[in-house]
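Take a look at the structure set out below.
The values are calculated or read from the model by the stated rules, or taken from the named source; none is laboratory data. What you see is a predicted model, and the numbers here were worked out from it, not measured in a lab. Backbone-built Cβ (ideal geometry, glycine too); neighbour counts: all protein chains shown.
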Amino acid sequence: MWAETINQGRRRIPDARSLAYARLPQSCGTKTVQKKIETMEYILYEQKGAYAVLTINREKALNALNSQVLDELNETLDKINLEEVRALVITGAGAKSFVAGADIGEMSNLTKAEGEAFGKKGNDVFRKIEEFPIPVIAAVNGFALGGGCEISMSCDIRICSDNAVFGQPEVGLGITPGFGGTQRLARLVSPGMAKQLIYTARNIKAEEAYRIGLVNQVISAEVDEAGNVVKTAQENLLAAAEKMAQTIAQNAPIAVRNCKKAINEGLQTDMDHAIVIEEKLFGDCFETEDQKAGMGNFLEKDKEKKLKVVPFKNR
Ligand code: CAA
């Protein structure tokens, strides 16, 4: 399973808050170019041609979200070059945890007003992910609890390794989910299932998350005939997420963005209005060069000139 690898080694830049330069691999017809990557203490960001990987990097605390992580995440999202990057993968550092929730130590002594402000801080960033113009894929490698489950739900697509654990354990800590869990889980699975999971604070494993529609795909390790692990589940998970990002990045970027907008905005209204949202975004595509290129290529009769993959220009 998932034997295919994407030959793009991940580059970690150890010195926090430094500026570093990384050579990027060729991807989606883009040239190999020198890219400036600004690293932060808790966020790694790597552009790989037409897609990028953002890693929440606080492994010692299982990537728990404190205010600094949320601020750095927010700042990184603002800096993403949307002219070049057409899909984003979000994952967590280490094999054990995607994100084990909001930081319980930081939350433990909050007042009512501070609690509300902390909820808003998380909600603002997660809403930014949800409304991010390009598709965002959560590659969930291990624990996705509380704020971890919530950040994954703000992404467009969730795929996970088979050691992933999802849950909203907040009521066991004396609080409600605070970064959108009550709203997004009820919309993603069903209100009844979301209520059961949230009221009982029961964690679920990857297979159950798949069965209830919380994740699209569960990825396992690749094992050879002798039972040796050839690729870990996490390696395969990242490869699968990056392959999906690459596939998305090959399609017409404006059309993909308009699809995201149509689905997100349409889901917030009734069908009569939703269908009009789609009509307008559909119409907008006909003003793009990429629509001319895509349809022109389909209609091309000369086999020599017909392309397998159209190099869409994001125009
Ligand atoms: N906040 C702060 N620190 C956390 C954390 C969190 N959410 N989750 C894990 N950590 C820290 C632990 O304190 C520990 O730190 P130390 O080594 O300094 O003691 C380190 O990460 C490793 O964790 P454990 O030793 O507990 O690892 P484990 O393998 O025994 O257990 C776990 C793993 C089951 C995920 C467990 O860490 C756990 O239950 N974590 C909390 C999960 C949780 O309740 N999340 C929801 C938070 S509330 C929330 O998110 C509210 C919201 O909606 C906004």
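Brief remarks on what is shown
- Residue pairs meeting the criteria (Cβ under 8 Å; at least 6 apart or on separate chains; first at positive phi and modelled with pLDDT under 95, in segment 144-167; second more than 10 Å from the ligand (Cβ to nearest atom) and of a type in the set (A, V, I, L, M)): none
- Candidate set: segment 59-73, residues that are near the ligand (Cβ under 8 Å from one of its atoms) and of a type in the set (G, A, S); chosen: the one nearest to P311 (Cα to Cα): A64
- When D156, D162 are screened for being surrounded by fewer than 17 Cβ atoms within 10 Å (Cβ to Cβ) and acidic (D, E), only D162 passes.
- Filtering T76, T55, T91 for residues that are assigned to a helix (DSSP H, G or I), of a type in the set (S, T, Y) and more than 15 Å from the ligand (Cβ to nearest atom) leaves a single hit, T76.
- Filter result for A241 (closer than 28 Å to R86 by Cβ and surrounded by fewer than 19 Cβ atoms within 10 Å (Cβ to Cβ)): no
- Candidate set: segment 158-174, residues that are in a loop (DSSP other than H, G, I, E, B) and of a type in the set (G, A, S); chosen: the one nearest to the ligand (Cβ to nearest atom): G174
- Top-ranked residue in segment 123-150 [being within 15 Å of T76 (Cα to Cα), hydrophobic (A, V, I, L, M, F, W, C) and assigned to a helix (DSSP H, G or I); ranked as farthest from the ligand (Cβ to nearest atom)]: I129
- Matching residues, segment 97-122, being near the ligand (Cβ under 10 Å from one of its atoms), free of Cβ contacts under 8 Å to residues at least 60 places away in the same chain and either surrounded by fewer than 18 Cβ atoms within 10 Å (Cβ to Cβ) or part of a helix (DSSP H, G or I) (or both): G105, E106, S108, K121, G122
- Filter result (within 11 Å of the ligand (Cβ to nearest atom), touching a residue at least 24 places away in the same chain (Cβ under 8 Å) and assigned to a loop (DSSP other than H, G, I, E, B)) within segment 175-228: I175, P177, G178, F179, G180, A201, N203
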